[in-house]
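Here the structure comes first, spelled out in structure tokens, and everything after it is commentary.
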Amino acid sequence: MVSLFTETVRQVNIRDYSPEQVEAWAPKPPDLIRWRERVAALTFWVAESDGQTIGFCGLGADGHVDLLYTDHRFQRQGVARSLYQQVEDEARRRGVQRLFTEASITARSFFERMGFAIVSEQRVELRGVSFKNYVMEKYLAPANRTGIIGENVIG
């Protein structure tokens, strides 16, 4: 996962961020301690093709959608959409009503297509380097357990 993350940031996000920002975001060698801490708080879904990890996404108990990355060679093939759908399905099963994320400039349009709205633009700092990203959210309708969309009661 760490290798996929590093290569994706360096191959894809470089379009929207400076080389200095990319280096701070995805350093070589990676900060494995930070990774372990971040991953420990999430439930993960991993996409594979021919035994190779091609994408992953995490969901926090509070509805935080985190670390949605697709291998740069598998972009725009539905991998992220499939992973995100698994996350949303699980959130609904858990009764989570609000999903939120901090989307990069690169990921913003994907999350908008998934129904997220921008709450705010923000500047964050990582390893002494400032980045622009977007706090985004999506409210989920409650899971419909009965299959009934609506009901009229006359009486």
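Heavy-atom accessible area per residue, the stretch 1-96, 1.4 Å probe: how many Å²? With all protein chains present, the stretch 1-96 gives 54 Å² per residue.
Remark: the stretch 117-122, residue by residue, has Karplus-estimated 3J(HN,Hα) of 10, 6, 8, 6, 8, 9 Hz, where x stands for each Gly or Pro and the curve is 6.51 cos²θ - 1.76 cosθ + 1.60 at θ = phi - 60°.
Computed with every protein chain present, the accessible area of residue 42 is close to 30 Å² [probe 1.4 Å]. Using a probe of 1.4 Å on the protein chains alone, the accessible area found for residue 33 is around 110 Å². Taking the Cβ of residue 121 as the center, what net charge do the other residues with Cβ under 10 Å away carry, scoring Lys and Arg +1 and Asp and Glu -1? Local net charge: +3. Return the carbon/sulfur percentage of the accessible area of the stretch 80-143, one whole number, probe 1.4 Å, all protein chains in place. Carbon and sulfur together cover 47 percent of it. Taken about its Cα centre, the stretch 30-133 carries a charge dipole of about 180 debye when Lys and Arg each add +1 at the Cβ and Asp and Glu each add -1 at the Cβ.
Annotation: for a label point projected 7 angstrom from Cα along Cα→Cβ of residue 38, residues of the stretch 48-71 with backbone N closer than 15 Å are 56-60, 64-71.
Secondary-structure-derived ellipticity at 222 nm for the chain, considering helices only, amounts to -9500 deg cm²/dmol, per-run term -39500 (n - 2.57) for DSSP H runs with n ≥ 4.
Considering only the stretch 1-115, what is the antiparallel percent among its DSSP beta bridges, to the nearest 5?
Rounded to the nearest five, the antiparallel share is 90 percent.
Largest first, what is the accessible-area ranking of 132, 28, 138 with a 1.4 Å probe?
Per-residue accessible area, sorted high to low, gives 28, 132, 138.
Quote the charge dipole size of the stretch 14-60 about the Cα centre in Debye, to the nearest 20; the model charges only the Cβ of Lys and Arg (+1) and of Asp and Glu (-1).
140 debye
Computed with a 1.4 Å probe on the full set of protein chains, the accessible area for residue 44 sits at about 50 Å².
More than 17 Å apart: what percent of Cα pairs in the stretch 38-81 qualify? Summing the P(r) tail past 17 Å for the stretch 38-81 gives 33 percent. When the alpha carbon gyration tensor of the stretch 1-129 is reduced to an equivalent ellipsoid, its three semi-axes come out at 22, 18, 15 angstrom, largest first.
Computed from label points 7 Å out along Cα-Cβ, the spacing between residue 140 and residue 77 is 2.7 nm. The mean sequence distance of close C-alpha pairs (under 8 Å, at least 6 residues apart), as a share of the length of the chain, puts its relative contact order at 20 percent. Around the amide H of residue 68, modelled in the peptide plane, lie the amide H atoms of 58, all under 5 Å away and 5 or more residues distant in sequence or on another chain. For the stretch 7-97, the relative contact order works out to 23 percent when only alpha carbon pairs closer than 8 Å and six or more residues apart are counted.
The values are calculated or read from the model by the stated rules, or taken from the named source; none is laboratory data. Only a predicted model underlies this, so the values are computations on that prediction, with no experimental measurement involved. We place every Cβ from the backbone using ideal geometry, glycine too, and count neighbours over all the protein chains shown. Heavy atoms of the whole protein, side chains included, go into the accessibility calculation; ligands, DNA and RNA do not. Shrake-Rupley method; radii C 1.70, N 1.55, O 1.52, S 1.80 Å.
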